[in-house]
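Comments concern the structure below.
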Ligand SMILES: [Zn+2]
């Protein structure tokens, strides 16, 4: 039942603010959070096109990070 977590790294987007935010979670969580961030921090308009662009920029989070939380 391990769901692959995705991440999006704001440093990969060109911006004048040199934003370094990285968001990780499930695909829908990341797209939703990134869309809100793009609106709040980067002045984008929330739109279907914006979310599609964000979704296409998602990357798989390395599985090794999960081991940090194993008991
Ligand atoms: Zn940002």
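Looking only at region 22-52, which residues are over 11 Å from the mean Cα position of the chain (by Cα), in a helix (DSSP H, G or I) and more than 11 Å from the ligand (Cβ to nearest atom)?
Correct list: 48, 49, 50, 52.
If a residue must be within 7 Å of the ligand (Cβ to nearest atom) and closer than 13 Å to residue 33 by Cβ, how many such residues does region 3-21 contain?
So the answer is 2.
We did not get these values from a lab; they are worked out from the coordinates using the rules stated. It should be emphasised that the depicted structure is a prediction, and the values quoted were computed from it without experimental measurement. When we count neighbours, we look across all protein chains shown, and the Cβ atoms used for this are built from the backbone with ideal geometry, even at glycine.
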